[in-house]
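Structure first, then comments.
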Amino acid sequence: MKENNIQSQFNYTIDLGIKAAKIVMKVKKSIKDKIMNILVCVFIVLMSGLLIWDIVHDNSIVIDIIILVLLVGFELFNIIMPFIIINTQKKFLKQVVSNNFDYTLTEIDKDKCLESYYKEGRIVMQNSCDVKKLIGYEIQDNYIFLIFDNFASAIFDINTLKNISKDDFEQKLIAIIATNKMYKGKKTF
């Protein structure tokens, strides 16, 4: 751990991990996802109307019912999936937190973001993310949640930030995200 790294030390809790998972899902939900959900709802309404039309006119309704069931199933899956993810995350976090870590140290050094979990002065577990995959951040309850494109997150406690102020850290995150978006849009062959 270098002294000039951006660092934050705090106690990791299940509630903090659940909050991070919810923020990741919220930030990762793209405009495409929202449009897809709206279109599925529109097609459900249209297929329901077509089904009624076919019933009234004694036409075959088998294809109508199959398409309608698939559309409703797809939408139900989209509604239920966040609850499944949060429930799975809770179970995982209970296992992780049951190790009774002394503290968590999150740090950024150049191109890596590391979350290290310490017990009795030693690293017991560590997560690493490439800063080039940072896609967003959110500030809630004195924590800065970093969101990466692989649904990973990192948490910084604002009260224990070292080597940078909150405002400077936000500006640095904004610059990193802008750079990442710029390079993501470019295709390399």
Read through the list (1) within 15 Å of THR106 (Cβ to Cβ); (2) in contact (Cβ under 8 Å) with a residue 60 or more places away in the chain, then give the number of the only condition that GLN140 fails. (1)
Restricting segment 42-95 to residues that are among the charged types (D, E, K, R) and touching a residue at least 24 places away in the same chain (Cβ under 8 Å), the one farthest from SER30 (Cα to Cα) turns out to be LYS94
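So that you can scan it fast, the table gives a plain yes or no per residue for (1) in contact with a Leu (Cβ under 7 Å, 6 or more places away or on another chain); (2) open to solvent by 50 Å² or more (accessible area, probe 1.4 Å):
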{"residue": "GLN7", "(1), (2)": "yes, no"}
{"residue": "SER30", "(1), (2)": "no, no"}
{"residue": "ILE38", "(1), (2)": "no, yes"}
{"residue": "MET47", "(1), (2)": "yes, no"}
{"residue": "VAL72", "(1), (2)": "no, yes"}
{"residue": "ILE85", "(1), (2)": "no, yes"}
So LYS133, is it within 30 Å of THR179 (Cβ to Cβ), among the basic types (Lys, Arg) and open to solvent by 70 Å² or more (accessible area, probe 1.4 Å): yes
Determine the pairs where a residue that is over 17 Å from ASN142 (Cα atoms), located within segment 164-186, has a partner that is among the β-branched types (Val, Ile, Thr) and in a helix (DSSP H, G or I) with Cβ atoms under 7 Å apart, the partner being 6 or more residues away or on another chain. ILE176/VAL131
Do you know which of the residues in segment 121-145 that are among the β-branched types (Val, Ile, Thr) and in a strand (DSSP E or B) is nearest to the chain's Cα centre (by Cα)? ILE135
How about segment 139-155: which of its residues are open to solvent by 30 Å² or more (accessible area, probe 1.4 Å) and either in contact with an Asp or Glu (Cβ under 7 Å, 6 or more places away or on another chain) or more than 22 Å from ASN100 (Cα to Cα) (or both)? ILE139, GLN140, ASP141, ASN142, TYR143, ASP149, ASN150, PHE151
What do you reckon, is ILE158 among the hydrophobic types (A, V, I, L, M, F, W, C) and exposed (fewer than 14 other Cβ atoms within 10 Å of the Cβ)? no
GLN95: touching a Ser or Thr at 6+ places or on another chain (Cβ under 8 Å), more than 21 Å from MET182 (Cα to Cα) and open to solvent by 70 Å² or more (accessible area, probe 1.4 Å), yes or no? no
Quick check on this structure: which one of GLU75, GLU120, GLU115 is within 28 Å of ILE174 (Cα to Cα) and either in contact with a Gly (Cβ under 6 Å, 6 or more places away or on another chain) or not small (Gly, Ala, Ser) (or both)? GLU115
Taking ASN100 as meeting all but one of (1) under 27 Å from LYS29 (Cα atoms); (2) among the polar types (S, T, N, Q); (3) surrounded by fewer than 17 Cβ atoms within 10 Å (Cβ to Cβ); (4) at pLDDT below 90, write down the number of the exception. (1)
Residue list for segment 9-28, filter: basic (Lys, Arg) and open to solvent by 90 Å² or more (accessible area, probe 1.4 Å): LYS22, LYS26
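The values are calculated or read from the model by the stated rules, or taken from the named source; none is laboratory data. What you are looking at is a predicted structure, and each value in this text was computed from that prediction instead of being measured. No Cβ is skipped: glycine too gets one built from the backbone with ideal geometry, and neighbour counts run over all protein chains shown. Heavy atoms of the whole protein, side chains included, go into the accessibility calculation; ligands, DNA and RNA do not. Shrake-Rupley method; radii C 1.70, N 1.55, O 1.52, S 1.80 Å.
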